[in-house]
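The values are calculated or read from the model by the stated rules, or taken from the named source; none is laboratory data. All values derive from a computational prediction rather than experimental measurement. Methodologically, a virtual Cβ is constructed for each residue, glycine included, from the backbone with ideal geometry; neighbour enumeration extends over all protein chains shown. Each accessible area value is taken on the protein alone, full model and side chains, heavy atoms only, with ligands, DNA and RNA left out. Shrake-Rupley method; radii C 1.70, N 1.55, O 1.52, S 1.80 Å.
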Amino acid sequence: MAMHCTECGFLNTEGANYCQRCGALLERPSEGAGDPVTATYRIDETGELVPVEIGEVTASGPALVIRAGGGREGESFPADGERMSIGRRPDAEVFLDDVTVSRDHALLIRRGDDWYLDDCGSLNGTYVNRERIESRRLGEGDELQIGKYKLTFHAR
């Protein structure tokens, strides 16, 4: 089975163990593995990591979970309200502290019953499922890329 690289998205030939474009190790699903379980956590008032179930995070609405980037894999950001700012600005609801992220990079916003991701004129662009977007309606499991960070959108 041909595999897409999780780092650069290149479609590699069957049987390859490393990406033929960037050299990253290709992760293969283990035999008999069921649906993947999303491990996530939140940071409490003292700065400690507190493990939480994805169902708890999405109980009152959708959430973003960091899948890769910045050593913050698993950190979750529930959407508390109608919009959530994403960027390098310290007061952003999703603060991603890296030069690849614009200060005001993107906005997660509710329109009717749907959630959209809007790019805010970022320098490096905003991607949904490896496609550069200006605005895109999100669905369960969509992969977002903002700078070097990869996040997953989870609806409730």
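Does ALA106 satisfy the criteria of being small (Gly, Ala, Ser), under 15 Å from SER76 (Cα atoms) and open to solvent by less than 60 Å² (accessible area, probe 1.4 Å)?
Values: small (Gly, Ala, Ser): yes; under 15 Å from SER76 (Cα atoms): no; open to solvent by less than 60 Å² (accessible area, probe 1.4 Å): yes.
No; evaluated as a whole, the condition is false for this residue.
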- [ ] Please determine, by comparing only the residues of the stretch 119-156 that are of a type in the set (Phe, Trp, Tyr) and within 19 Å of CYS8 (Cα to Cα), which one is least open to solvent (accessible area, probe 1.4 Å).
- [x] TYR149
Open item on the list: Looking at the stretch 1-20 only, could you name the residues that are surrounded by 15 or more Cβ atoms within 10 Å (Cβ to Cβ) and not in a loop (DSSP other than H, G, I, E, B)?
Closed with: MET3, ASN12
TODO: Only residues that are within 14 Å of the chain's Cα centre (by Cα) and outside any strand (DSSP E or B): list them for the stretch 145-156, please.
DONE: GLY147, LYS148, ALA155
TODO: Determine whether TYR116 is at pLDDT 95 or above, crowded, with 16+ Cβ neighbours inside 10 Å and over 20 Å from GLY9 (Cα atoms).
DONE: yes
